[in-house]
Amino acid sequence: MPASVTPRRTSVAAAALKSARFDARQASRFEDPADDVRGRAELAEWKRLDQRLAAAPTGTVYTPDADDVAQAELAAEAAADREAAARADELQALRELHALEQAEPCGGDEFVRDELTRLGSVVKVDLLR
């Protein structure tokens, strides 16, 4: 999504909305629409942005900093990152205590496993599955 959209560039949002609608129609022909979560989310976001720009006074510049929905999404991402970091710390501490096998699996462990692997941890991947 563009960082700022001036009235001249609202056509960019309209074109993106049109493209997302086309993609949704195409996907519905070849895929189960229930499986296309990303496509539905993208279409909904472009609809929301298009409506926001249409309702804004002429000369309004879009900025995610003033968009409550965008800010809520950023806050949710930051919270998820903090939770994943805390879980990674917990698993790393258990590993250092040679007690990793006592860890109960929980949601998000796949992401934590990937992050620990990316960071070069020697945590056994099998224990996190």
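The values are calculated or read from the model by the stated rules, or taken from the named source; none is laboratory data. Here the structure is a predicted model, which is why all the values come from computation and not from measurement. All Cβ positions, glycine included, derive from the backbone under ideal geometry; neighbour counts span all protein chains shown. Side chains are part of the model used for accessible areas, which takes the heavy atoms of the whole protein and leaves out ligands, DNA and RNA. Shrake-Rupley method; radii C 1.70, N 1.55, O 1.52, S 1.80 Å.
Among the residues examined, Ala13 qualifies as modelled with pLDDT under 80, under 22 Å from Glu73 (Cα atoms) and part of a helix (DSSP H, G or I). Each residue in segment 96-106 was checked for being open to solvent by less than 90 Å² (accessible area, probe 1.4 Å) and more than 29 Å from the chain's Cα centre (by Cα), and 2 of them qualify. In this structure, does Asp65 turn out to be modelled with pLDDT of 85 or more, loosely packed, with under 12 Cβ neighbours inside 10 Å and out of contact with any Cys (no Cβ under 7 Å at 6 or more places or on another chain)? Taking the combined requirement at face value, the residue satisfies it.
Considering Ala56, Ala80, Ala86, Ala93, the condition of being surrounded by 10 or more Cβ atoms within 10 Å (Cβ to Cβ) and within 30 Å of Lys18 (Cα to Cα) is satisfied by Ala56 alone.
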